[in-house]
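The values are calculated or read from the model by the stated rules, or taken from the named source; none is laboratory data. From a predicted model like this one, the values you see are computed outputs, not experimental measurements. Here the Cβ positions follow ideal geometry from the backbone for every residue, glycine too, while neighbour counts run over all protein chains shown.
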């Protein structure tokens, strides 16, 4: 059998190809075909085998994910099973776990509770507290209660959105910082208040905004 | 904690425990923690260990001095009991070193807002001094110096210390001097008086009548009675030091449900959530409805932005709210209760949950409580950020796990409420009053307040006010007294423009009506409502059109969309207001606003839509000329106005009050 030196033989292929991901494998097939006008049979068989192994693994991961979701949802539901009107409390538990209500979880919940998905979404979208989008890694929340409003929370929001380049309710492109407003956090004595990653800062001035953003970015870098 | 029995409670009542002689209390409520009270607590712990002291370090809720968070209260042997405000870790170290160690008070941090003495019943050990003149070219230092010099001259410097105070609860009365521990307070003190004060009061123990401040403290604390005094996480503290569950004891063993309702009738307590419906009547209607199950709900969905009374009470005195709920349940024959609390108040939820667990463990919740045959249990349900859920029927829908859409009344919840059963919904503040009423009697409670509105009301005074704080005053106290005498007037000495009460469903009260007594009726006459107790002070820099837009936008965002007048009317109203505030309004806009408002008030399904026009109508009524100015001035005027409002956040000047 005449094997071109640049085409990996089956012996070497087994060692090398295992490191290739799906796209690289297909790429390799295409390149080989371009170069030689055909694909050696042992190469194509090896690639097929590797791909099926990878696919099987993906299926297993998917299945595991599904069963994790199912197990989590079952856990939440069983905790509240006996209670009437438990939907909102279960949604609170889910949001506490994920930071938002993922669609797959909502679908699983619908199956588990025997409640139509539409009814679950009806509740989620009615209440401000429930989120459908994953939150950013860090959150800056500006209190927009009346006391804070009078003392300039609007200016803080403007300053934040111009510095971060996002509007309220949005997350930066790197999914790092989420900017939001909240109705009132009940700290009216220290208005205007801003909550940075769960820590409340009072009497915030627009000049201090850059410092808060920098502290988050610094945190991010030190983690990285 | 072991299960309590009836006799245990009786023994506790016979022997209430006093305060231990020495302690430091750190006020750890949401506001305090946000200001760094946790850090202060650890700093105190470390410092105490370093100095090998044994003084107990206690956690407590908030007494309400939000302007001075974090607040620490100190009681040391042979020293007056004082609150320190704006505490930093450095001050915390000095509290242990100087206050506890050397028996010296610390300058510039003492709050002695509510201490008023008329007789010198004990020798003076400390003198607090503060210059309260508005222009304050600040003479506080001068008076401190001259008092100290005078004391030195008379050889008293060893015995008496002169301290600059942070706040004495007296404003615009010149130099104020307070003698501790008696609390005798002199106002408008001038330089020549210093010698007299030292010679006659400190040395001879005589009160100088011409300088004496005789106005008693305006506040009466019933709802806030335990806030800042007990550990909210300890049922033991509540039982031993706050006559905890004694009201329940009296109800269970001495009174029939009818007698409880009669006592409530005598107290004339009205719902503190805003509408002011008589509590006893609500209970009686619920009780009279035959059903297999009755429910009682505590409405802790404090949605009004700018109000934090309910949060404070839930966080600082959770057992009192629970006890109130149990008494309500007994009177109505309910065996199940729900706390509906905003999810935005995690600490309140945590403390109520702990209170429930502790009460259950102590046998105060569950079957056959204290052997009385009365069974009751309670659970928490979280709100999820919907203002409309403060409305009774929407709140019930939310507890049932549905969208919080209100439904038409009647039937009222007292007839068909939670899961179709008769339900009474009471506000946090209402429930917190109840144990005190049952303990001291309805007539005692009715002794406060006005002809038609009895008792006291808690207000959260915020906005452009010098000392933003929680205030509890008898109903009928005037706005001027609350804002100027208790809270120190407008921030930076500016001119007050209006006071907004009742949150987004309330209205504004202009300066000329400041002397109106605050009661359900009088505020309604002025076009506002008492509401849950938020009180926002606005100064002359605040544009009424902008503020109205803010409130209206809130209501439009919160409208559930079920009924057209609220959904469409609110949006249209906002469009018109927006047009006006950009200087594009026309002469026909004001009548149009009035027409839309009327439609919303008459045709909306629930309180949200019916009251959403309130801020618009009341600002139109009192500040119509501002709307006119925007309409006549056109876009250039609007641009000028929108630019010209500096706010605290943008001003570079550091405000005078910390």
Quiz prompt | Qualifying positions in the range A:96-108 - crowded, with 16+ Cβ neighbours inside 10 Å and within 12 Å of chain B (Cβ to nearest Cβ) | solution = A:101
Exercise. Could you tell me which numbered condition residue B:240 fails, if it satisfies all but one of (1) at pLDDT below 90; (2) within 30 Å of residue B:70 (Cβ to Cβ); (3) assigned to a loop (DSSP other than H, G, I, E, B)?
Key: (3)
Quiz prompt | Selection from the range A:175-193 of residues that are at pLDDT below 85 and at the interface with another protein chain (Cβ under 8 Å from one of its Cβ atoms) | solution = A:182, A:183, A:184, A:185, A:186, A:187, A:188, A:189, A:190, A:191
Practice problem: Go through the range B:528-542 and give me each residue that's more than 10 Å from chain A (Cβ to nearest Cβ) and surrounded by fewer than 20 Cβ atoms within 10 Å (Cβ to Cβ). | Solution: B:540
Quiz item: Quick check, is residue B:518 at pLDDT 90 or above and within 14 Å of chain A (Cβ to nearest Cβ)?
Solution: no
Quiz item: Residues in the range A:194-212 that are more than 7 Å from every other protein chain (Cβ to nearest Cβ) and in contact with a strand residue (DSSP E or B) (Cβ under 7 Å, 6 or more places away or on another chain): how many?
Solution: 6
Exercise. Check every one of the helices (runs of 4 or more DSSP H) wholly within the range A:81-147 and list those with 2 or more residues that are over 21 Å from residue B:381 (Cβ atoms).
Key: A:103-113, A:117-126
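Residues in the range B:208-219: is at least one closer than 26 Å to residue B:285 by Cα, touching a strand residue (DSSP E or B) at 6+ places or on another chain (Cβ under 7 Å) and surrounded by fewer than 24 Cβ atoms within 10 Å (Cβ to Cβ)? Walk me through it before giving the result.
From the range B:208-219, those closer than 26 Å to residue B:285 by Cα are none; that's our starting set.
Within the range B:208-219, none of the residues are closer than 26 Å to residue B:285 by Cα, touching a strand residue (DSSP E or B) at 6+ places or on another chain (Cβ under 7 Å) and surrounded by fewer than 24 Cβ atoms within 10 Å (Cβ to Cβ).
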Quiz item: When you scan the range B:518-603 for helices (runs of 4 or more DSSP H) that lie fully inside it, which ones turn up with 1 or more residues that are within 24 Å of the chain's Cα centre (by Cα) and within 18 Å of residue B:505 (Cα to Cα)?
Solution: B:520-525, B:544-558
Self-check item: Those residues of the range B:441-470 which are part of a strand (DSSP E or B) and within 14 Å of chain A (Cβ to nearest Cβ), in sequence order
Solution: B:458, B:459, B:460, B:461, B:462, B:463, B:465, B:469, B:470
Quiz item: Taking the range B:349-386 as the region of interest, how many residues are part of a loop (DSSP other than H, G, I, E, B) and either more than 14 Å from chain A (Cβ to nearest Cβ) or closer than 18 Å to residue B:10 by Cα (or both)?
Solution: 10
Practice problem: May I ask you to list the residues in the range B:387-406 that are facing chain A (nearest Cβ under 7 Å) and buried (at least 24 other Cβ atoms within 10 Å of the Cβ)? | Solution: B:398, B:399, B:404
Practice problem: Could you please let me know if residue B:429 is under 30 Å from residue B:540 (Cα atoms), more than 14 Å from every other protein chain (Cβ to nearest Cβ) and not in a loop (DSSP other than H, G, I, E, B)? | Solution: no
Exercise. Pick out the one residue from A:114, A:85, A:63 that is in contact with a helix residue (DSSP H, G or I) (Cβ under 7 Å, 6 or more places away or on another chain) and either without any contact (Cβ under 8 Å) to a residue 24 or more places away in the chain or within 30 Å of residue A:17 (Cβ to Cβ) (or both).
Key: A:85
Quiz item: Of all residues in the range B:49-68 being touching a strand residue (DSSP E or B) at 6+ places or on another chain (Cβ under 7 Å) and in a helix (DSSP H, G or I), which is farthest from residue B:463 (Cα to Cα)?
Solution: B:68
Quiz item: Which residues, counting only those in the range B:28-74, are closer than 20 Å to residue A:198 by Cβ, away from chain A (no Cβ under 12 Å) and crowded, with 24+ Cβ neighbours inside 10 Å?
Solution: B:28, B:40
Self-check item: Residue selected from the range B:324-342 under the condition surrounded by fewer than 21 Cβ atoms within 10 Å (Cβ to Cβ) and in a loop (DSSP other than H, G, I, E, B), by the criterion farthest from the other protein chains (Cβ to nearest Cβ)
Solution: B:333
Quiz item: What number goes with the only condition from (1) assigned to a strand (DSSP E or B); (2) over 23 Å from residue B:37 (Cβ atoms) that residue A:200 does not pass?
Solution: (2)
Quiz item: Consider residue B:366 against the criteria (1) touching a strand residue (DSSP E or B) at 6+ places or on another chain (Cβ under 7 Å); (2) in contact (Cβ under 8 Å) with a residue 12 or more places away in the chain; (3) farther than 30 Å from residue B:517 by Cα: it satisfies all of them except one. Which criterion is unmet?
Solution: (2)
Quiz item: What number of residues in the range A:151-168 are over 16 Å from residue B:31 (Cβ atoms), within 12 Å of chain B (Cβ to nearest Cβ) and part of a loop (DSSP other than H, G, I, E, B)?
Solution: 1
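State yes or no: is residue B:71 touching a helix residue (DSSP H, G or I) at 6+ places or on another chain (Cβ under 7 Å), assigned by TED's automatic domain parsing to the domain that holds residue B:100 and under 23 Å from residue B:486 (Cα atoms)? If you could, list the steps in order and put the result at the bottom.
On the way: touching a helix residue (DSSP H, G or I) at 6+ places or on another chain (Cβ under 7 Å): yes; assigned by TED's automatic domain parsing to the domain that holds residue B:100: yes; under 23 Å from residue B:486 (Cα atoms): yes.
Criteria met by residue B:71.
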Quiz item: Would you call residue B:57 touching a residue at least 24 places away in the same chain (Cβ under 8 Å) and more than 25 Å from residue A:203 (Cβ to Cβ)?
Solution: yes
Quiz prompt | Among (1) away from chain A (no Cβ under 14 Å); (2) buried (at least 21 other Cβ atoms within 10 Å of the Cβ); (3) part of a loop (DSSP other than H, G, I, E, B), the one test that residue B:303 misses | solution = (1)
Exercise. Only residues that are at the interface with chain B (Cβ under 8 Å from one of its Cβ atoms), more than 10 Å from residue A:182 (Cβ to Cβ) and touching a strand residue (DSSP E or B) at 6+ places or on another chain (Cβ under 6 Å): list them for the range A:134-150, please.
Key: A:146, A:147, A:150
Self-check item: Complete set of residues in the range B:25-53 that are in contact with a helix residue (DSSP H, G or I) (Cβ under 8 Å, 6 or more places away or on another chain), more than 15 Å from residue B:232 (Cβ to Cβ) and free of Cβ contacts under 8 Å to residues at least 40 places away in the same chain
Solution: B:34, B:35
Exercise. May I ask you to say which residue of B:177, B:223 is in contact with a helix residue (DSSP H, G or I) (Cβ under 7 Å, 6 or more places away or on another chain), buried (at least 23 other Cβ atoms within 10 Å of the Cβ), touching a residue at least 24 places away in the same chain (Cβ under 8 Å) and closer than 29 Å to residue B:104 by Cβ?
Key: B:177
Exercise. Identify, by number, the condition in (1) part of a loop (DSSP other than H, G, I, E, B); (2) within 14 Å of chain A (Cβ to nearest Cβ); (3) buried (at least 24 other Cβ atoms within 10 Å of the Cβ) that residue B:272 doesn't meet.
Key: (2)
Quiz item: In the set B:536, B:617, B:577, which member is more than 23 Å from residue B:393 (Cβ to Cβ) and in the same structural domain as residue B:482 (by TED's automatic domain parsing)?
Solution: B:536
